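Asker: Sharing a structure, written as structure tokens. Questions coming.
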Amino acid sequence: MRIISGIQPTGQLHIGNYLGAIKQWTELQNKEECIFFIADLHSLTVPYEPKELQNNILEAAIAYLAAGIDPSKSIFFVQSKVKEHTELTWILNSVCPVGDLERMIQFKEKAKQFKKNINAGLLTYPTLMAADILLYKAESVPVGKDQVQHIELAREIARRFNQRYGKTFPEPKPLLSEGAKIMSLTDPKKKMSKSSGPEGCLFLFDEPETIRKKIMSAVTDTGKEVKFSARTKPGISNLLIVYSLISGKKVKELEGEFKNKNYSEFKKSLAEALVNFLEPFRNKKRELVSRKIYIDEILRMGANKARSLAESTMQEVSSKTGLM
Ligand code: ADP
Ligand code: TRP
């Protein structure tokens, strides 16, 4: 099976991103044919600083490589370096009804958020996304819930193209990760998310001192028993889930281990477990930061591999649409 997913070059990765999504991707690489890319073209549709874009792309590449994307197993590249993405977008725009694009929740939200800059790219964002997927005839797309509507539109676009020009594309399906949902450290009723406050996030590359500080001051509940109860003890329950996922121990096992201990002892132990768990990520990142030429080479080779697949699809598309 061929799998594809895009990553926006914005923001730092937190343990919610890792435990909820990236970890599954790194496991998929061992079983399936995976393609991952940095969606720099998509990031142009909202206000950004051009001078910072190259650096953000590099940082995203480093972060995902350090988090476990393995260029010897997956194809990893930058979207704008494979021109066929934009070429196919135009063709797909011509089979996609405007009404479908106007219905997209993300378009409506972004149009509200950026009232002064409702550009056409914001509207056709999903056709570029459909092109990203269909260009490689990918069948499965690991994404978060917020992107499912876009994958459904990509299915619809594939269907319309196939109807009009003959069977060309498989209809891609979203692959929702089964990872746990990690809650904010400062408000355990909210999802850990960079958009709802970086204070609540434990970042993948946080230094040991920061990890200890964030865990020790994580919001917990009244009471003193270390016990799982999502309803009455959301704070402790969230920390128990994190502890369980990084240690491989069951929540019940951890409850037993901390039976006669208080929250502070539990948090200290979790903080040390996290410091150790995240150490290889920090080390890998440190190593990659000093090897920019190596990263450029990975991305260049990834783009070459992607391009050869993309060119072959475009030949077929050009021929079927009468452009060749
Ligand atoms: P954020 O909310 O920090 O902006 P994104 O929306 O960019 O994160 O999500 C990227 C990926 O990480 C998605 O697949 C999403 O499902 C996953 N993810 C994000 N936050 C969490 C979380 N708190 N728990 C589990 N998975 C998460
Ligand atoms: N829109 C996706 C997001 O914001 C990123 C993305 C771009 C993508 N192209 C894609 C994801 C193709 C999956 C497949 O997260």
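We did not get these values from a lab; they are worked out from the coordinates using the rules stated. What you are looking at is a predicted structure, and each value in this text was computed from that prediction instead of being measured. Here Cβ is always computed from backbone atoms with ideal geometry, including for glycine, and neighbour counts include all displayed protein chains.
Asker: With r defined as the distance between the Cβ atoms of Asn119 and Met1 and R0 fixed at 25 Å, what FRET efficiency is calculated, to the nearest 0.05? Don't skip to the answer; put the middle values down first.
Answerer: Working: r = 35 Å, r/R0 = 1.40.
Efficiency at R0 = 25 Å is approximately 0.10.
Asker: Give the shape of segment 92-194 as rounded, prolate or oblate, defined through the alpha-carbon gyration tensor: a ≥ b ≥ c are the square roots of its eigenvalues, a/c under 1.5 means rounded, and otherwise the shape is prolate if a/b is larger than b/c and oblate if not.
Answerer: In terms of gyration-tensor shape, oblate.
Asker: Now for a separate question. What ranking, highest mean first, results for peptides 121-133, 237-249 when packing means the other Cβ atoms within 10 Å averaged over each residue?
Answerer: Order by mean packing, descending: 121-133, 237-249.
Asker: How many angstrom lie between the C-alpha centres of segment 116-155 and segment 15-68?
Answerer: Computed from Cα coordinates, the inter-centre distance equals 16 Å.
Asker: On to the next question. Per residue and in Å³, how big is the convex hull formed by the alpha-carbon atoms of segment 1-74? Please list the in-between numbers first.
Answerer: Values: hull volume 6.8 nm³, N = 74.
Once divided by residue count, the hull of segment 1-74 is 91 Å³.
Asker: For the chain, just say rounded, prolate or oblate: build the C-alpha gyration tensor, square-root its eigenvalues into a ≥ b ≥ c, call rounded for a/c under 1.5, and beyond that prolate if a/b exceeds b/c, oblate if not.
Answerer: In terms of gyration-tensor shape, prolate.
Asker: For q values of 0.19 Å⁻¹, compute log₁₀ I(q)/I(0) with the Debye formula on a Cα-only model of segment 134-198, without solvent.
Answerer: Once normalised to I(0) and log-transformed, intensities are -0.75.
Asker: How large is the charge dipole for the chain, taken about the Cα centre, if only the Cβ atoms of Lys, Arg (+1) and Asp, Glu (-1) carry charge, to the nearest 20 debye?
Answerer: Working: 50 positive and 38 negative charges, 134 e Å.
Dipole of the chain, to the nearest 20 debye: 640 debye.
Asker: Bin width 5 Å, origin at 0, all Cα-Cα pairs of segment 74-125: what percent of pairs per bin?
Answerer: 4, 17, 22, 18, 18, 15, 5, 1
Asker: Taking R0 as 35 Å, what's the FRET efficiency between Glu316 and Glu27 from their Cβ-Cβ distance, rounded to 0.05? Each step should come with its number before you reach the end.
Answerer: Values: r = 32 Å, r/R0 = 0.91.
For Glu316 and Glu27, the calculated efficiency is 0.65.
Asker: Mean Kyte-Doolittle of at least -0.5 plus a Cα span of 30 Å or more along the axis: flag which DSSP H helices in the chain meet both, please.
Answerer: 292-321
Asker: How big is the charge dipole of segment 120-206 about its Cα centre, in debye rounded to the nearest 20, if each Lys and Arg gets +1 on its Cβ and each Asp and Glu gets -1 on its Cβ?
Answerer: Details: 13 positive and 10 negative charges, 71 e Å.
Computed charge dipole of segment 120-206: roughly 340 debye.
Asker: Here's something else I'd like to know. According to the Cα gyration tensor, what semi-axes, each the square root of 5 times an eigenvalue, does the equivalent ellipsoid of segment 173-324 have, listed from largest to smallest in whole Å? Working shown, then result.
Answerer: Numbers: eigenvalues 366, 85, 38 Å².
Semi-axis lengths for segment 173-324 are 43, 21, 14 Å.
Asker: Along each of its three principal axes, how wide is the spread of alpha-carbon positions in segment 1-153, in whole angstrom units, largest first?
Answerer: 40, 33, 28
Asker: Further question: Do you know the relative contact order of the chain, to the nearest whole percent, from alpha carbon pairs under 8 angstrom that are 6+ apart?
Answerer: On the way: 462 pairs, mean separation 70.8, N = 324.
This gives 22 percent for the chain.
Asker: Continuing with this model, one more query. With the convex hull built on the Cα atoms of segment 132-251, state its orientation-averaged projected area in nm².
Answerer: Details: hull surface 40.0 nm².
Directional mean of the projected Cα hull area for segment 132-251 stands at 10.0 nm².
Asker: Which residue, chosen from Asn260, Ile241, Phe228, occupies the Cα position most advanced towards the positive end of the dipole of segment 224-273, where the dipole is computed from +1 (Lys, Arg) and -1 (Asp, Glu) charges on Cβ about the Cα centre?
Answerer: With unit charges placed on the Cβ atoms, the residue in question is Phe228.
Asker: Using +1 at the Cβ of each Lys and Arg and -1 at the Cβ of each Asp and Glu in segment 269-313, identify which of Thr313, Phe281, Ala271 lies farthest towards the dipole's positive end.
Answerer: Among Thr313, Phe281, Ala271, the one farthest towards the positive end of the dipole of segment 269-313 is Thr313.
Asker: Under unit Cβ charges (Lys, Arg +1; Asp, Glu -1), what dipole magnitude, rounded to 20 debye, does segment 234-321 have relative to its Cα centre?
Answerer: Values: 17 positive and 11 negative charges, 25 e Å.
For segment 234-321, the charge dipole is close to 120 debye.
Asker: Turning to a different aspect of this structure: Charges on Cβ only, +1 for Lys and Arg, -1 for Asp and Glu, centred on the Cα centroid of the chain; of Asn30, Pro208, Leu53, which one is farthest towards the dipole's positive end?
Answerer: Positive-end residue among those listed: Pro208.
Asker: Which peptide among 14-23, 185-194, 280-289 comes first, and what is the full order, when sorted by highest mean count of other Cβ atoms within 10 Å? Please report the intermediate quantities before stating the final value.
Answerer: Values: 14-23: 22.2, 185-194: 17.7, 280-289: 14.9.
Averaged packing, sorted descending, gives the order 14-23, 185-194, 280-289.
Asker: Ok, one more. Tell me the relative contact order for segment 190-279 as a rounded percent, counting alpha carbon contacts under 8 Å between residues six or more apart.
Answerer: Worked out over segment 190-279, it gives 32 percent.
Asker: Related question: If R₀ is 35 angstrom, what is the calculated FRET efficiency for the pair Met301 and Val98, using the beta carbon separation as r and rounding to 0.05? Please report the intermediate quantities before stating the final value.
Answerer: Working: r = 38 Å, r/R0 = 1.10.
For Met301 and Val98, the calculated efficiency is 0.35.
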